[in-house]
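> Below you'll find the structure I mean.
The values are calculated or read from the model by the stated rules, or taken from the named source; none is laboratory data. Predicted, not measured: the structure shown is a model, and the values here were computed from it. Cβ placement follows ideal geometry from the backbone for every residue including glycine, while neighbour counts extend to all protein chains displayed. Side chains included, ligands, DNA and RNA excluded: accessible areas come from the protein's heavy atoms. Shrake-Rupley method; radii C 1.70, N 1.55, O 1.52, S 1.80 Å.
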Amino acid sequence: MLAIMLAVLTASLLSVLAVLLLTLAAAGALIFKIPADLTGLPVCLFLLAAFVVFFVAASIWLVRKFRPEALQAGINLGGFFDSKGEVAAGDVAAILPACSVVLPFMLLIMATLRLPLADPSPVFGVALLLVVLLLGLTRLFMLDWLPAIGLACVTALECAWHFNRFDPANAHQPLNLVLEWYLVFFAVFAMFPFLFTRQFADKAAPWAAAAMAGPPQFFLIHRFIAAVHPNAFMGLLPAAFAVPGLLSLAAVLKRTHDKDQSRMTQLAWFGGVALFFITLIFPIQFERQWITIGWALEGAALLWLFHRVPHPGLRLTGAGLLVAAFVRLALNPAVLGYHPRAALPVFNWYLYAYGLVTVSLFAGAKLLAPPRHLILQSNIQSVLAGLGTVLAFLLLNIEIADYFSAPGSTLTFQFSGNFARDMTYSIAWALFALVLLVAGIAKRVAAARYAAIGLLGVTLLKLFLHDLAQLAQLYRIGAFIGVAIIAMLASFLYQKFFSAGKKEAVEHGAQR
């Protein structure tokens with residue numbers, strides 16, 4: 001009260017901000033004095049909620065009295081200090097109510113970590129009050145970034161309780177109530193911008209917070225269900241979380257047909273999150289390689305969405321997921337030990353895992369055709385096509401190694417000791433080089449043609465330096481005949497390609 005009187009007399013809000021911080025420090029000290037039997041918890045939480053409401057109300061009254069322009073101007077994060085190096089008064093006016101709501105979350109997290117709370121309802125109840133006040137301040141002051149901060153605070157509080165106090169074996173823990181609290185927080189953030197559509201129509205942050213409310217709550221709810229109600233249909237959970245994202249996407253599409261940047265951003269957030277949950281169905285329902293497949297499908301889906309919603313964040317995220325899926329399969333040797341060798345060769349988990357990721361990489365390359373192919377001034381289309389080619393070649397070698405491995409064993413690459421396997425490697429490499437050459441000629445991609453010639457050269461070196469010395473006579477003859485036929489076909493195709501190129505050049509010169 002003294003601070004508010006001082007603020008009225010001096011027309012300065014700094015005293016209120018200072019007392020707010022002192023009050024938080026006193027409340028924190030009180031939390032550490034609460035005994036283990038929790039006799040002081042209700043009083044502490046009541047005081048916390050009461051002083052939050054008091055400071056928010058006092059801050060709004062003072063701002064309306066001295067800095068009413070801050071209600072619409074908000075906070076200029078880039079110019080928090082004025083030309084004299086002092087805190088701008090308008091920014092203090094805007095940030096004071098926000099601090100009154102955000103800072104108490106730290107006390108709630110401290111209380112959660114300090115006290116053995118079997119029932120999180122008292123702490124979550126105060127957190128819900130803080131969220132309502134925070135969203136009210138967002139609407140009043142037009143601080144569009146405040147919901148994102150509130151979502152981060154709520155997520156930190158939920159994780160602090162879940163990872164430290166959640167115990168399904170505790171008979172005194174209201175498990176169903178915990179699940180309801182998670183769903184309530186999700187609903188509050190997800191619905192908020194739709195209640196004030198006109199006010200936030202040209203904003204991006206409130207809609208991003210609404211879209212991103214799903215993933216942290218999904219993470220906690222998934223852990224809850226897996227511990228309390230384990231079942232064989234966990235893939236239905238991400239499917240259920242995809243529904244709000246799709247409904248939100250439909251609502252944004254229906255609201256307006258403008259193509260301004262804010263609307264594109266809103267569509268990108270909701271579409272990206274909805275696709276995230278859809279592609280998460282398989283990794284959740286299954287395991288191991290399905291995580292990588294989920295990344296690849298999500299990446300391709302985001303690049304498809306980028307065609308409809310040209311937001312650069314979708315392109316960057318989609319390409320990043322595709323590259324991550326490639327790295328996980330190509331540079332992670334632990335992948336080969338996920339499953340023992342099955343009785344049926346070729347048609348195994350390698351085929352669908354590496355095959356789907358390869359198809360996703362090529363699909364991503366096709367979706368990023370010019371003029372959409374540049375990310376950070378780099379031709380990402382060529383990168384994705386190259387990674388897809390490398391993964392396809394790796395799949396070819398894996399299938400050969402798997403075919404000649406004993407059932408139940410772990411896959412290993414060996415290039416000696418088995419005449420049929422060595423001959424198969426040579427012929428398969430030559431065939432792959434021929435297919436790559438045909439694709440390079442058809443698409444007029446010089447890099448593909450050079451790669452095909454290089455691979456064919458490596459195959460010939462292997463044939464002369466390894467196969468001649470290691471293979472038996474019959475397999476040696478088979479390898480030589482197969483590679484020779486493929487090499488002649490490659491040379492014939494290359495000659496036709498050069499002849500056609502020269503003819504086009506001559507006709508083009510004659511037309512000039």
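> Let's test the formula: R0 of 25 Å, r as the Cβ-Cβ distance of Val243 and Ala169. What FRET efficiency results, to the nearest 0.05?
The computed FRET efficiency comes out at 0.20.
> Using mean Cβ contacts within 10 Å as the protection proxy, how do 397-407, 285-295 order, highest first? All intermediate terms of the calculation are to be shown ahead of the outcome.
Values: 397-407: 16.2, 285-295: 18.6.
Output ranking for 397-407, 285-295: 285-295, 397-407.
> Sticking with this one: On the protein heavy atoms, probe 1.4 angstrom, tell me the percent of accessible surface of region 344-414 carried by carbon and sulfur.
The C+S portion of the solvent-accessible surface of region 344-414 is 71 percent.
> Using the beta-carbon distance between Leu336 and Ala57 and R0 = 51 Å, what value does 1/(1 + (r/R0)^6) give for FRET efficiency, to the nearest 0.05?
My answer for the efficiency is 0.20.
> Next up: Can you compute the modelled spin-label distance between Val184 and Phe413, with each label point 7 Å from Cα toward Cβ, in nm?
It works out to 5.6 nm between the two label points.
> Let me ask another. Counting residues in region 187-342 as N, plug N into 2.2 N^0.38 Å and put the Cα Rg over that result.
For region 187-342, the normalised Cα radius of gyration is 1.15.
> Out of region 336-418, which trypsin sites (Lys or Arg not before Pro) are coil in DSSP terms and have no more than 16 other C-beta atoms within 10 Å?
Filter output for region 336-418: Arg372.
> I need the peptides 450-461, 164-175, 139-150 ranked by packing, meaning the mean over residues of other C-beta atoms within 10 angstrom, with the highest value on top.
Per-residue mean Cβ counts within 10 Å order the peptides as 139-150, 450-461, 164-175.
> Okay, moving on. Evaluate the distance, in nm, between pseudo-label points positioned 7 Å from the Cα of Val228 and of Val390 along their respective Cα→Cβ axes.
4.6 nm
> Please list, by residue number, every one of the chymotrypsin sites (Phe, Trp or Tyr not before Pro) in region 340-376 that is coil in DSSP and has at most 12 other beta-carbon atoms within 10 Å.
Numbers: sites: Phe347, Trp349, Tyr350, Tyr352, Tyr354, Phe362; in loops: Phe347.
For chymotrypsin sites (Phe, Trp or Tyr not before Pro) across region 340-376 that sit outside H, G, I, E and B with at most 12 neighbouring Cβ atoms in 10 Å, the list reads Phe347.
> If you don't mind, there's one more thing I want to ask. Send over the semi-axes of region 131-170's equivalent ellipsoid, whole angstrom and largest first, taken as the square roots of 5 times the C-alpha gyration tensor eigenvalues.
Semi-axes from the Cα gyration tensor: 30, 9, 5 Å.
> For region 236-306, report the translational diffusion coefficient in µm²/s to the nearest whole number, using Stokes-Einstein at 10 °C, 1.306 mPa s, and a Kirkwood Rh over Cα pairs.
Result for D is 125 µm²/s.
> Identify, among Ala430, Ser360, Asn348, the residue whose Cα sits farthest towards the positive end of the charge dipole of region 327-459, taking +1 on the Cβ of Lys and Arg and -1 on the Cβ of Asp and Glu, with the dipole about the Cα centre.
Farthest towards the positive end: Ser360.
> Across 10 Å bins from the origin, how do the percents of Cα pairs in region 337-395 run, short distances first?
Calculated P(r), rounded to whole percents: 23, 39, 23, 12, 3.
> Cα extents of region 265-407 along the three principal axes, largest first, in whole Å?
Extents along the principal axes: 52, 31, 20 Å.
> Moving on to the next point. In Å², and per residue, what accessible area does region 231-348 have when probed at 1.4 Å with the other protein chains present? All intermediate terms of the calculation are to be shown ahead of the outcome.
Details: 5670 Å² over 118 residues.
Per residue, region 231-348 has 48 Å² of solvent-accessible surface.
> What are the ³J(HN,Hα) values, in whole Hz, obtained from phi via the Karplus relation 6.51 cos²θ - 1.76 cosθ + 1.60 with θ = phi - 60°, for each residue of region 439-455 in sequence order, with x given for Gly and Pro?
Each residue's phi maps through the Karplus curve to give 5, x, 6, 5, 8, 6, 10, 5, 4, 5, 5, 5, 5, 5, 5, x, 5 Hz.
> If ligands, DNA and RNA are left out, what is the accessible area of Arg114 with a 1.4 Å probe, given in Å² to the nearest 10?
Using a 1.4 Å probe on the heavy atoms, I get roughly 90 Å².
> While we're looking at this one, here's another question. With only Lys, Arg, Asp and Glu charged, each at its Cβ (+1 for the first two, -1 for the last two), find how big the charge dipole of region 205-311 is about the Cα centre; round to the nearest 20 debye. It would help to have the intermediate numbers written out before the result.
Values: 7 positive and 4 negative charges, 33 e Å.
Its charge dipole is roughly 160 debye.
> Let me ask something additional. With +1 on each Lys and Arg Cβ and -1 on each Asp and Glu Cβ, how big is the dipole of region 266-400 about its Cα centre, in debye rounded to the nearest 20?
Values: 7 positive and 3 negative charges, 39 e Å.
Dipole magnitude for region 266-400 comes out near 180 debye.
> Counting alpha carbon pairs within less than 8 Å and at least 6 residues apart, what relative contact order, in whole percent, applies to region 299-414? Don't skip to the end; give the middle numbers.
Numbers: 132 pairs, mean separation 37.9, N = 116.
About 33 percent, as a whole number.
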